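Before any comments, here is the structure.
The values are calculated or read from the model by the stated rules, or taken from the named source; none is laboratory data. Model, not experiment: these values are computed from the prediction. All Cβ positions, glycine included, derive from the backbone under ideal geometry; neighbour counts span all protein chains shown.
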Amino acid sequence: MRLSQYFLPLLRENPSEAQIASHRLMLRAGMIRQSSAGIYSWLPLGLRVLKRVEQIVREEQDRSGAQEILMPTIQPAELWKESGRYEDYGKEMLRFNDRHEREMLYGPTNEEQVTTIVRDAIKSYRDLPKNLYHIQWKFRDEVRPRFGVMRGREFLMKDNYSFDLDAKAAKQSYNKMFVAYLRTFARMGLKAIPMRADTGPIGGELSHEFQILADTGESEVYCDRRWLETDILAAAEGLDYDSDLEPFFRHWTSLYAATDEMHKPESCPIPPEELVSARGIEVGHIFYFGTRYSQPLGAVVAGPDGAEVPLEMGSYGIGVSRLVGALIEANHDDSGIIWPESVAPFRLGLINLRPADDKCRAAADDLYGKLRNAGLEVLYDDRDDSPGAKFAAMDLVGLPDQLIIGPRGLAAGNIEWKHRRDGARQDLPLDTAVGRFAA
Ligand code: 5CA
């Protein structure tokens, strides 16, 4: 993409409304713009990252055996009256009437809706287990929307729902999601610690939140000091989803970790000196709630003995749009964002320091074409601007590597290669640049 043509409205100044780095940088790097409190438009650069995050989430869901569907954002109120949650959800739910005065709502989550779909389609235990997910916008009229996309009112969530015959099978479904979540966050280069959590308005008795430790996190969390040195990245690699995952689950929940609501100092199993208290960003939350929805909504199947039993269910959420903010909280410096390769909006930045110079322009245009032909996504700064402004813009946008073409290097057949994360610079012969980055 040529920067001269790209819609990338960068801001030079820090926007006064942004209190944390990710919100500041998403506005400055032209990723999002606020529409109203907690509601955002995603601009081209931001949308690229959102799509990449979404795709990693999707691939790991698919790998676990979950199947993608797409349910609507708007739901009829009756569904929620049937489950008994319509009143409980209170002001957080956006309610309105359609032209026929039917009560509708903008879905904050989809337990009721998916349960009725499965109820009407599945009658026998032979059709189980099933696990359905979608990636869809939600609306929650949060009391305090803040920190940009971190706590929005409208936000993108991946939510899925598992349906099983009995509690043992449902636990295996829960464990599969536990593994899928570890894999998902690890692929984004994030260390998300699974913590015992409160189930809140979703209900049920077993639940884990996946928390990224960060000073700007909204929740107070507690964990065993050893979590800080634990490498969860490799943990779930190569695990077979068809094997019994209970030992894996036991292992990865044996080190203490709990959210504020679940942490009781008087009954904490580890001594204070081994306990870390920190702030966390909740990027995922999984629930096992048995028959909490299947019972009131009449979602039953015939079991092996012919008797009808209510489905055993769990639900599992990932904050897809929140993750974009969380990724920046975990990956930035004073100059801007530092994208991990797996979610970067472009793999490379290409800077032409002297677009007015014929040789520079020819070399930069040529390299841009070759990199693209090699399948690499490149953001090419071909604008007529000062070198300082170009370096600052490229650092702010935070692509993993930058290639810089200027007259002096070119005379010797070289370009400069800058690695964004460590700032290391080195000369690279122009004719080796494509080979260096092509897979
Ligand atoms: N139905 C369940 C699981 S599908 C559910 O709704 N769980 S949740 O309430 O915990 O939300 C799932 C995830 O969505 C959270 O872990 C968080 O990452 C994200 N999320 C929740 N509220 C917001 C919000 N206001 N803004 C951005 N992300 C949010």
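Checking region 266-279 against the condition returns a match, with at least one residue being modelled with pLDDT of 95 or more and within 16 Å of the ligand (Cβ to nearest atom). Number of residues in region 31-62 that are touching a residue at least 60 places away in the same chain (Cβ under 8 Å) and assigned to a loop (DSSP other than H, G, I, E, B): the value is 3.
Once region 244-261 is narrowed to residues that are crowded, with 19+ Cβ neighbours inside 10 Å and not aliphatic (A, V, I, L, M), the residue that is farthest from ILE286 (Cα to Cα) is TYR256. Which residues, taken from region 380-439, are out of contact with any strand residue (DSSP E or B) (no Cβ under 6 Å at 6 or more places or on another chain), assigned to a loop (DSSP other than H, G, I, E, B) and not small (Gly, Ala, Ser)? Matches in region 380-439: ARG383, ASP384, ASP385, PRO400, ARG420, ARG421, ASP422. Annotation: of all residues in region 280-301 being under 14 Å from ILE122 (Cα atoms) and touching an Asp or Glu at 6+ places or on another chain (Cβ under 6 Å), the one that is farthest from the ligand (Cβ to nearest atom) is VAL300. Among the residues of region 199-218, those identified as of a type outside the set (A, V, I, L, M, F, W, C), within 10 Å of the ligand (Cβ to nearest atom) and not in a loop (DSSP other than H, G, I, E, B) are GLY200, PRO201, SER207, GLU209, GLN211. Within region 174-202, the only residue that satisfies the criterion of being more than 28 Å from LYS264 (Cα to Cα) and out of contact with any helix residue (DSSP H, G or I) (no Cβ under 9 Å at 6 or more places or on another chain) is ALA186. The residues of region 165-176 that are buried (at least 19 other Cβ atoms within 10 Å of the Cβ) and more than 18 Å from HIS208 (Cβ to Cβ) amount to a single one, LEU165.
Only residues that are acidic (Asp, Glu), in contact (Cβ under 8 Å) with a residue 40 or more places away in the chain and more than 13 Å from SER335 (Cβ to Cβ): list them for region 385-433, please. Result: ASP401, single match. Would it be correct to say that ILE328 is within 16 Å of the ligand (Cβ to nearest atom), buried (at least 24 other Cβ atoms within 10 Å of the Cβ) and under 20 Å from MET177 (Cβ atoms)? Judged against the criteria, ILE328 is not a match.
Residues in region 130-153 that are in a strand (DSSP E or B), basic (Lys, Arg) and more than 7 Å from the ligand (Cβ to nearest atom) were compared, and the one that is farthest from ILE20 (Cα to Cα) is LYS130. Quick one: is ASP334 surrounded by 21 or more Cβ atoms within 10 Å (Cβ to Cβ) and charged (D, E, K, R)? No, not satisfied.
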